[in-house]
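Read the structure below first, then the notes.
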């Protein structure tokens with residue numbers, strides 16, 4: 001007996017698949033639990049229409065993902081984080097931090113689970129990150145991690161003018177007031 005799966009059934013397939021099963025399995029298990037519907041001419045036509053609609057939607061999503069890849073591929077984002085001596089961060093840069101930086105820089109909302117790091121970012125510097133979109137659409141992005149306190153400290157020393165020489169203190173002598181004016 002042919003049925004169309006409405007939900008994923010382990011061992012049979014995913015939703016929308018037309019499968020051939022035993023009549024008792026379909027009648028007593030799949031159809032009562034709404035895991036499948038009987039495959040008649042109307043349901044097969046509906047399945048074909050639904051499949052075409054899903055394919056068009058998937059193509060639109062792939063095209064949108066490719067345009068996002070073209071927009072951010074090879075770009076860089078900056079993240080400020082506190083670091084100690086030697087450029088080691090207090091903590092690490094997470095995929096959420098990178099997603100927030102992409103949101104701020106490019107106005108693109110990316111799910112943090114789409115960002116893959118080869119290893120956790122725990123040092124100041126440039127790091128390569130891969131952003132996986134739908135299908136084979138992947139973008140490489142450079143994340144530049146810097147510590148604003150370490151960057152500002154050398155600039156302050158170089159930009160500070162030499163102190164001006166201090167003038168010698170001026171001593172004011174007090175006048176004595178005579179008491180004869182009474």
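None of the figures in this text is laboratory data; all of them are computed from the coordinates on show. Everything numeric in this text was worked out from a predicted model, so none of it was measured. Positions of Cβ are backbone-derived with ideal geometry, glycine not excepted, and every protein chain shown enters the neighbour counts.
Shape class for the stretch 1-117: prolate, because the ratio a/c of the largest to smallest gyration tensor axis (alpha-carbon atoms, square roots of eigenvalues) is 1.5 or more and a/b beats b/c. Using the average count of surrounding beta-carbon atoms within 10 Å as a protection proxy, the listed peptides 124-133, 34-43 rank, highest first, as 124-133, 34-43.
Normalised by the number of residues in the stretch 1-56, the mean separation of alpha-carbon contacts (under 8 Å, six or more apart) gives a relative contact order of 36 percent.
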